[in-house]
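Quick notes on the structure that follows.
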Amino acid sequence: MRRALRTLTGLVLVVAALPLLWMLAGLLGGLIPGPTAPQPGPPAVQIGLVATPIHYDLLLPLDDDLRARFGFAAAAGVDIGNPAAGWLLVGWGAEGFYTSAGRYSDIPAWAVARAITGDRSVLRLEAWENRPLADFAQTRSLMLSAKGYEALIDGILSELGTPELVQAPGLTSRDAFFRASTPFNGLYTCNAWVGEALRDAGVPLGIWTPSPQSLRLRLDDLPG
């Protein structure tokens with residue numbers, strides 16, 4: 001009986017330590033420079049990064065070209081054709097977790113467990129009004145070269161493939177979810193996806209950025 005109790009206690013301690021080990025490993029991954037695609041050229045396009053308590057979203061400037069390339073979103077209620085819209089928000093995450101509308105406390109336990117162990121992913125699109133990035137809370141700017149910005153857009157569209165609308169309640173009345181191609185799990189999270197997308201666009205970030213904290217380790221040193 002005592003041996004069983006000691007074994008159970010040990011298992012509980014190991015499970016309790018896993019989140020801390022994950023966080024520490026993520027901080028180390030955020031410090032180690034990751035492979036960054038060379039995207040030559042002067043800074044040409046300003047994008048935004050929107051911080052939430054658990055992940056980052058991208059904000060892309062809505063011009064005629066972007067409206068045309070993401071025209072499929074209009075049929076799903078994303079008002080990208082509105083002249084008052086100036087930015088397209090792009091977020092990536094686990095389907096069960098990300099599409100659970102409401103507060104974080106409303107997200108069911110099964111969605112959290114599935115996100116950790118492995119789930120399908122979705123991209124969230126939403127049109128934001130035409131205002132300076134500095135006017136949006138928890139948002140910072142980042143400058144990309146023209147080639148880097150094109151690589152970022154190409155990567156997002158490649159993640160979408162043939163756009164497939166996911167029937168789920170949005171986080172707002174103006175967004176929509178679309179099926180994405182890369183599986184989500186505890187090692188490849190929304191922040192890891194953002195880090196990889198930005199490295200492909202020429203932004204020097206850590207090799208593994210599973211948390212907002214690990215993403216910020218190098219992000220905070222970059223000019224906005």
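Over segment 54-185, the reciprocal of the mean inverse Cα-Cα separation, the Kirkwood hydrodynamic radius, stands at 15.5 Å. Between L18 and A137, residue separation times 0.36 nm minus the direct Cα-Cα distance comes to 39.6 nm. Simple spin-label estimate for L28 and R120 gives 3.5 nm between the two label positions (7 Å along the Cα-to-Cβ direction from each Cα). Under a model in which nothing but the beta-carbon of Lys, Arg (+1) and Asp, Glu (-1) is charged, segment 122-161 shows a dipole of about 120 debye around its Cα centre. Taking the charge dipole of segment 179-224 about its Cα centre, with +1 at Lys and Arg Cβ atoms and -1 at Asp and Glu Cβ atoms, the residue from W208, L219, T189 reaching farthest to the positive side is T189.
The radius of gyration of the Cα set in segment 142-181, together with its Dmax, comes out at 13.1, 36 angstrom.
Entry comment: accessible area of the chain is 51 Å² per residue, from protein heavy atoms only and a probe of 1.4 Å.
Of all DSSP-defined beta bridges confined to the chain, some 100% are antiparallel rather than parallel.
Overall, the chain carries a charge dipole of about 1080 debye about its Cα centre when +1 sits on the Cβ of Lys and Arg and -1 on the Cβ of Asp and Glu, all other atoms neutral.
Sequence-distant contacts, meaning Cα pairs under 8 Å at least 6 residues apart, place the relative contact order of the chain at 31 percent.
In this rough spin-label picture, where each label sits 7 Å from Cα along the Cβ direction, the L171-A146 distance is 3.3 nm. When a 1.4 Å probe is rolled over the protein heavy atoms, the share of accessible surface on the chain that falls to carbon and sulfur comes to 62 percent.
With charges only on Cβ, +1 for K and R and -1 for D and E, what is the dipole size of segment 35-144 about its Cα centre, in debye, rounded to 20?
240
Starting from the Cα gyration tensor of segment 117-219, take the square roots of the eigenvalues, sort them a ≥ b ≥ c, and report rounded, prolate or oblate (rounded when a/c is under 1.5, otherwise prolate if a/b is larger than b/c, else oblate).
rounded
Dividing the Cα convex hull volume of the chain by residue count, how many Å³ per residue is that? Mind showing how you got there, number by number?
On the way: hull volume 29.4 nm³, N = 224.
Spelled out: Cα convex hull of the chain, divided by residues, is 131 Å³.
Note on A51 and V112: the model spin-label points, each 7 Å out from Cα along the C-beta direction, lie 2.3 nm apart.
The values are calculated or read from the model by the stated rules, or taken from the named source; none is laboratory data. What you see is a predicted model, and the numbers here were worked out from it, not measured in a lab. Counting neighbours? That spans all protein chains shown, and the Cβs are built from the backbone with ideal geometry, glycine included. All accessible areas refer to the heavy atoms of the entire protein, side chains included, with ligands and DNA or RNA removed. Shrake-Rupley method; radii C 1.70, N 1.55, O 1.52, S 1.80 Å.
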